[in-house]
């Protein structure tokens with residue numbers, strides 16, 4: 001048992017040859033602007049939103065977006081006063 005080899009960790013990373021950098025920085029991905037907010041609603045609204053989103057086969061976010069967009073179409077006079085649309 002006098003000839004046991006001592007384990008030595010390799011000096012280089014075993015992943016060094018697998019991960020290579022091209023030296024180029026990736027271009028940022030252009031994303032549309034979104035407005036994120038939290039809403040506190042009665043529990044009945046939660047249940048209703050979940051049910052209506054499920055019936056329409058969509059998400060709650062998409063369901064609410066559709067409601068707001070439909071309301072915006074019904075009130076075009078208010079759209080003219082919004083700063084973001086006049087930029």
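Every number in this text was worked out from the coordinates using simple rules, so none of it is lab data. The structure displayed is predicted, hence computed values, not measured ones. Cβ coordinates were reconstructed from backbone atoms using ideal geometry, including for glycine residues, and neighbour counts include every protein chain displayed.
At a 10 angstrom cut-off on C-beta neighbours, averaged per residue, how do the peptides 65-74, 35-44 rank from highest to lowest? All intermediate terms of the calculation are to be shown ahead of the outcome.
Working: 65-74: 10.5, 35-44: 6.3.
Per-residue mean Cβ counts within 10 Å order the peptides as 65-74, 35-44.
Subtract the Cα-Cα distance of residue 37 and residue 65 from 0.36 nm times their separation in residues, and report this length gain in nm to one decimal. Present the calculation step by step, with values, prior to reporting the outcome.
Working: separation 28, 0.36 × 28 = 10.08 nm, distance 1.27 nm.
So the extension gain works out to 8.8 nm.
From the Cα gyration tensor of the range 43-86, with a ≥ b ≥ c the square roots of its eigenvalues, which class applies: rounded if a/c is under 1.5, or else prolate if a/b is larger than b/c, or else oblate? Intermediate results must be reported in sequence, preceding the final value.
On the way: a/c = 3.05, a/b = 2.69, b/c = 1.14.
Prolate is the answer for the range 43-86, as a/c is 1.5 or above and a/b outweighs b/c.
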